[in-house]
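Heads up: the structure comes next, in structure tokens.
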Amino acid sequence: MIHSENIEPKLRKLFEKWSGVKPFSINRLPHSGSNRIYYRLKYSDQSAIGVFNVNKKENTAFLDFTQQFLNCRLNVPDIYALDLDDNIYLIEDFEDNQLLSWILSKKVNNKFTIEIIEIYKKVIRELIRFQIIAGLHFNYSKCHQHPEFNDESILFDLNYFATNYVEALSLNYDKNKLNKEFDIFSKYLLKADNCFFMYRDFQARNILLVNKEPYFIDYQGGRRGPLQYDLASLLFQAKAQIPEDIKDQLLKYYIDLAKLFVPVCNDEFTEFYFAFALIRVLQTLGAYGLRGLIEKKTHFIESIPLAKKNLVYLKDKTGILNQMPELKQLINQIVNTNEK
């Protein structure tokens, strides 16, 4: 086990090397669900986020991707100092201005305001810059998982859902039929154009607002992939509870903007978009199943009904589901099952 008293002196030393002064405070930030450990170090008006991560390949990916994005003038944190031998580095501090928290605070009678919609449009504009502008000449050689969103990535997400959610609830299904349908689903998704940068976890928890401008973190899992996946991740984030009509409005906004940079066929793009939204929601249910149903963490159990609401919306919009009757009946079971 790694103890904070072993990390903090090294981060203090790195902060002093960067700033020229010793920090007067260092505070460990709440656990994010990853193996990375974050600290906030401060001296007067100088502040930095200290990161400790034993996964050296992930550190290399994050730092390399950050530099590429900074070269494209994208809103990502500056890298202040690093000591990769000790698995630590310092980055710019955007403070605790998470987009998701801001959205939840700005809802009026649980409804999205014009102000929230305009922020989402800003985020979408930046997403296209990540995917298409930065993605055009992106160097994927430092990817720490897969250099592209491939069959292995897709089947991992689908099996993660089956293992951690379906089996946790002991739902009825034919495993052989479901596995065959997962192969069908994977082959279908891989037909989408995948020559763009795919953020992989593009959602409001990884977006911070600074003076109403979005800034972005946690893209180290990025790889080459399709446009639709990240957009679906953003618009189908369970906790954000984006109303269906606003989802549709933002989808149209994205397509119209993307057309300024690459050819887009509305019908084909939308068909793949709903399919990628479905796999993203299933993957999310897998995470909620593991953290909630299996590990009994209340926050994740409370999020399950929100993800199921997305499933209700998607099950009649995802055309490929008609070729997957076992998965379709499983989804119908899920939306009609109460978790215990």
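Below is a table of values for the structure above.
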read-out	value
Residue satisfying condition, being in contact (Cβ under 8 Å) with a residue 40 or more places away in the chain and either assigned to a loop (DSSP other than H, G, I, E, B) or within 28 Å of C143 (Cα to Cα) (or both), within set D183, D201, D193, D230	D230
L169 assigned by TED's automatic domain parsing to the domain that holds I217, touching a Ser or Thr at 6+ places or on another chain (Cβ under 7 Å) and on the phi < 0 side of the Ramachandran plot	yes
I246 being modelled with pLDDT of 95 or more, surrounded by fewer than 20 Cβ atoms within 10 Å (Cβ to Cβ), hydrophobic (A, V, I, L, M, F, W, C) and out of contact with any Gly (no Cβ under 8 Å at 6 or more places or on another chain)	yes
Verdict on N336 being surrounded by fewer than 20 Cβ atoms within 10 Å (Cβ to Cβ) and farther than 25 Å from E118 by Cβ	yes
Qualifying residue in segment 206-215 (condition: basic (K, R), without any contact (Cβ under 8 Å) to a residue 40 or more places away in the chain and either more than 30 Å from P325 (Cα to Cα) or assigned by TED's automatic domain parsing to the domain that holds L314 (or both))	no
Number of the condition not met by K296 [criteria: (1) among the basic types (K, R); (2) crowded, with 19+ Cβ neighbours inside 10 Å; (3) not in a helix (DSSP H, G or I)]	(2)
Residue check for Q329: over 30 Å from C195 (Cα atoms), in contact with a Leu (Cβ under 6 Å, 6 or more places away or on another chain) and polar (S, T, N, Q)	no
Segment 242-264, subset touching a Leu at 6+ places or on another chain (Cβ under 8 Å) and assigned to a helix (DSSP H, G or I), residue farthest from K308 (Cα to Cα)	A258
Single unsatisfied condition, E95 versus (1) on the phi > 0 side of the Ramachandran plot; (2) outside any loop (DSSP other than H, G, I, E, B)	(2)
Number of the condition not met by Y188 [criteria: (1) assigned to a helix (DSSP H, G or I); (2) closer than 30 Å to V210 by Cα]	(2)
Pairs where the first residue, in segment 99-114, is exposed (fewer than 12 other Cβ atoms within 10 Å of the Cβ) and the second is of a type in the set (S, T, N, Q), C-beta under 9 Å, 6+ apart	N110/Q241
Restricting segment 204-220 to residues that are of a type outside the set (F, W, Y) and part of a loop (DSSP other than H, G, I, E, B), the residue that is surrounded by the fewest Cβ atoms within 10 Å (Cβ to Cβ)	N211
Qualifying residue in segment 50-58 (condition: assigned to a loop (DSSP other than H, G, I, E, B), touching a residue at least 12 places away in the same chain (Cβ under 8 Å) and among the hydrophobic types (A, V, I, L, M, F, W, C))	yes
Any hit, segment 263-282, residues being farther than 23 Å from K191 by Cβ, over 20 Å from the mean Cα position of the chain (by Cα) and surrounded by fewer than 18 Cβ atoms within 10 Å (Cβ to Cβ)	no
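A quick yes/no check of all residues on (1) in the same structural domain as D45 (by TED's automatic domain parsing); (2) not in a helix (DSSP H, G or I):
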| residue | (1), (2) |
| --- | --- |
| L82 | yes, yes |
| D85 | yes, no |
| I103 | no, no |
| I117 | no, no |
| K121 | no, no |
| I124 | no, no |
| L127 | no, no |
| F130 | no, no |
| N139 | no, yes |
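The values are calculated or read from the model by the stated rules, or taken from the named source; none is laboratory data. Note that the structure is a prediction, hence the values are computed from the model and not measured. Glycine gets a Cβ as well: all are built from the backbone with ideal geometry, and neighbour counts include every protein chain shown.
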